[in-house]
Every structure is written in C-alpha cells, then in structure tokens.
Amino acid sequence: QVQLVESGGGLVQAGGSLRLSCGASGRTFSSSAMGWFRQAPGKEREFVAAIIRSNGITRYADSVKGRFTISRDNGKWTVYLQMNSLKPEDTAVYYCAAGAVLAVTPRGYDYWGQGTQVTVSS
C-alpha cells in the first residue's frame, strides 16, 4: 500500500499562484509515476499532469501547459504542482495519484490521496 497526502490548496484570485504538495509513504518503490488529477462539481475527474519519478519525464493536459509545473523531490518522496496564472475554471478538488507507469487516465493509477480544494475567484 501507498499512502498519499496532499496539501497546499486554498482560495486565490484569478491570475494568482498556488503550490500543491503530495507526500508519499508506504510501499513507494512500487509507484514509478505520480500524477495530479482534478474534479470539479458535476464533472468527471480529469488529468492535469504526471511525472516519472526516476527520470523526471513529465506530461501535461493542454489546458494547463505553460501555467502548471509538476516536479518531484525523490529524497522526500514528495511531488509538487506549481500552479501559476490561475483561472476560475481551474477551480476543483485536486487529487494526487501514484501508479506503476505514467498514465493520463484515472484507471492508470493504483493509489489516491484524499484531495485538496483549489478555488479561484474571478
């Protein structure tokens, strides 16, 4: 089992920034990839960004390219999501996920955090 704990969500004005963190513990060696997803009310959970922990290869959703950056600190088993130029449409619960391979769908991940709310006001 892998336990994931997100932090860093909150309320921010449009154009502002937030940094989300996701700490992993447990059988972390089984999780080569970490991803961020988000889910707005009434919508499906959607892919935001992902990273391969060993080599740092990243993948982003088109909607966040150039604004969000995913990074990792392997020594701390932590993954970050730096979110800049936030828009009201970025409002959602953001979830951290861990899996064996980099994937862009929720089914590709085995473990999930509890989520952290991000609200962007206009």
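The values are calculated or read from the model by the stated rules, or taken from the named source; none is laboratory data. Because the structure is predicted, anything quoted here is derived from the model rather than measured. All Cβ positions, glycine included, derive from the backbone under ideal geometry; neighbour counts span all protein chains shown. Only protein heavy atoms, including side chains, enter the accessible area calculation; ligands, DNA and RNA are left aside. Shrake-Rupley method; radii C 1.70, N 1.55, O 1.52, S 1.80 Å.
Listed by first and then second residue, the pairs with beta-carbon distance under 7 Å, at least 6 apart or on different chains, first residue in region 26-54 and over 20 Å from residue 68 (Cα atoms), second of a type outside the set (A, V, I, L, M) and in a strand (DSSP E or B), are 26/3; 31/99; 31/111. Out of all the residues in region 41-59, which are farther than 18 Å from residue 111 by Cα and open to solvent by less than 50 Å² (accessible area, probe 1.4 Å)? The answer is 56, and nothing else.
Among all residues of region 74-88, there is at least one that is farther than 13 Å from residue 115 by Cα and free of Cβ contacts under 8 Å to residues at least 40 places away in the same chain. Of all residues assigned to region 33-40, at least one qualifies as being within 21 Å of residue 87 (Cβ to Cβ) and open to solvent by 20 Å² or more (accessible area, probe 1.4 Å).
Taken over region 72-88, the residue count meeting the criterion of being at negative phi and either among the acidic types (Asp, Glu) or at pLDDT below 95 (or both) is 6. For region 96-107, the count of residues that are free of Cβ contacts under 8 Å to residues at least 24 places away in the same chain and of a type outside the set (A, V, I, L, M) is at least one.
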